[in-house]
Amino acid sequence: MPQDVRFDLPFDTPVSDHLEHARARHLRWIWDMGLVRSQAGFEEYTSWDLPQAAARTYPHASADDMVVLMNWFSLAFLFDDQFDASRPDRADRIAEVARELIVTPLRPAGSRPRVVCPITLAWAEVWNHLSAGMSLTWQTRFAASWGRFLVAHCEEVDLAARGLAGTLGLEEYALFRRRTVGIHHSIDAGERSRGFEVPAQAMAHPLMERMRDLAADTIGFMNDIHSFEREKRRGDGHNLIAVLHRERRDCSWEEAAEEAYRMTSDCLDEYLELEAGVPRMCEELRLDEDERDRVRMGVEAIQHWINGNYEWALVTGRYSAAKDGPVATAELAGRGSVDDLLAV
């Protein structure tokens, strides 16, 4: 299925005015932090255009905060690509680094990592900025979502290392994908980007919980569709199209792609139905005007992620159907990254 598959999204979202200014500062930062270690790695990274993704998903962030968010995007995406299918023993190192990333938000801000590599050093610096000014409630919520994402990533790597990447059934995969896509804490960061927090009682309401889950499902499945060519090239079985093709034995690749599209559209439709019920939820909770405004911005943070990530996915070089040079060699060997970022 080609990268440019289109979905009918009912809302448009803005793009930050700080994109180009922040992009220049961000690209200097990734070199300084050692998040790219070769010219080929840098060229591949710049082709992904993660700054555009950050500018679309956090359009109201200040110029300085936009740089922080771009920096966070880079280390999260680059860490996700560190598994090497030709070296199953690398799963242990990934788990060690992931544990360090998980505990960083639980330590005092500014603490030096105990497991040192470019990824952990970058995250310690980013978290110091990202957590600034946010309540302990928000920091704890973010840390919990971030931890679930990283644990799921380690589970994914471990399955691949044991040759079990293509063994999850559809229902099991859908729940697993909800964690690996990492959307819950990404939506949380939308609050940080605008300097507000969704009221705790609204965040705990079943309607909001389900909306966030459906947003994660929608984005995760869209991502599986847009990235399918890349993941198929790498032999990655953790993709909705691949799961459908495998589980439904008489299902062709084209039919699997069509079913993946239908499932994604169904998730989006259910999300939109629930979003229409947000005013009723606010009435039920007896929220005041300020609290309702913060709920509104929380819903906008979800919309920014659904639409912003979608618009970026259509054009990013990360999901290009054809690659050449060191990038193609790495992907055909089962690697997602040209550079090793887990070594000191």
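Annotations for the structure displayed:
- Candidate set: the range 10-35, residues that are outside any helix (DSSP H, G or I) and farther than 21 Å from G308 by Cβ; chosen: the one most open to solvent (accessible area, probe 1.4 Å): M33
- One residue from A76, A54, A98 being more than 14 Å from the chain's Cα centre (by Cα) and either open to solvent by less than 30 Å² (accessible area, probe 1.4 Å) or among the hydrophobic types (A, V, I, L, M, F, W, C) (or both): A98
- All positions within the range 141-158 that are at pLDDT below 95, open to solvent by less than 10 Å² (accessible area, probe 1.4 Å) and more than 13 Å from the chain's Cα centre (by Cα): V157
- Helices (runs of 4 or more DSSP H) wholly inside the range 96-187 containing at least 1 residues that are over 18 Å from L214 (Cα atoms): 118-130, 136-161
- Screening the candidates V315, V299, V338, V278 for the property of being open to solvent by less than 50 Å² (accessible area, probe 1.4 Å) and modelled with pLDDT under 95 yields one hit, V338.
- Within the range 166-180, residues that are of a type in the set (D, E, K, R) sit with their Cβ atoms under 6 Å from residues that are open to solvent by less than 30 Å² (accessible area, probe 1.4 Å) and at pLDDT 95 or above, at 6+ positions apart or across chains, in these pairs: R177/G220; R178/A216; R178/D217.
- Test: A61 is open to solvent by 10 Å² or more (accessible area, probe 1.4 Å), modelled with pLDDT of 95 or more and either in a loop (DSSP other than H, G, I, E, B) or in contact with an Asp or Glu (Cβ under 6 Å, 6 or more places away or on another chain) (or both): no
- Residue match in the range 256-277 (condition: in a loop (DSSP other than H, G, I, E, B) and not aliphatic (A, V, I, L, M)): yes
- Scope the range 211-237; condition open to solvent by 10 Å² or more (accessible area, probe 1.4 Å) and either outside any helix (DSSP H, G or I) or of a type in the set (S, T, Y) (or both); matching residues: G235, D236, G237
- Selection count, the range 247-264, where residues are over 18 Å from G169 (Cβ atoms), in contact with a helix residue (DSSP H, G or I) (Cβ under 9 Å, 6 or more places away or on another chain), surrounded by fewer than 16 Cβ atoms within 10 Å (Cβ to Cβ) and of a type outside the set (A, V, I, L, M, F, W, C): 1
- Summed over the range 194-210, the residues that are over 22 Å from E273 (Cβ atoms) and open to solvent by less than 10 Å² (accessible area, probe 1.4 Å) give a count of 1.
- A91 modelled with pLDDT under 90, open to solvent by less than 30 Å² (accessible area, probe 1.4 Å) and not in a loop (DSSP other than H, G, I, E, B): yes
The values are calculated or read from the model by the stated rules, or taken from the named source; none is laboratory data. Remember, predicted model here, so these are calculated numbers, not experimental data. Please note: Cβ atoms are built from the backbone with ideal geometry, for glycine as well, and neighbour counts cover all protein chains shown. Ligands, DNA and RNA are excluded from the accessible area calculation, which covers all protein heavy atoms including side chains. Shrake-Rupley method; radii C 1.70, N 1.55, O 1.52, S 1.80 Å.
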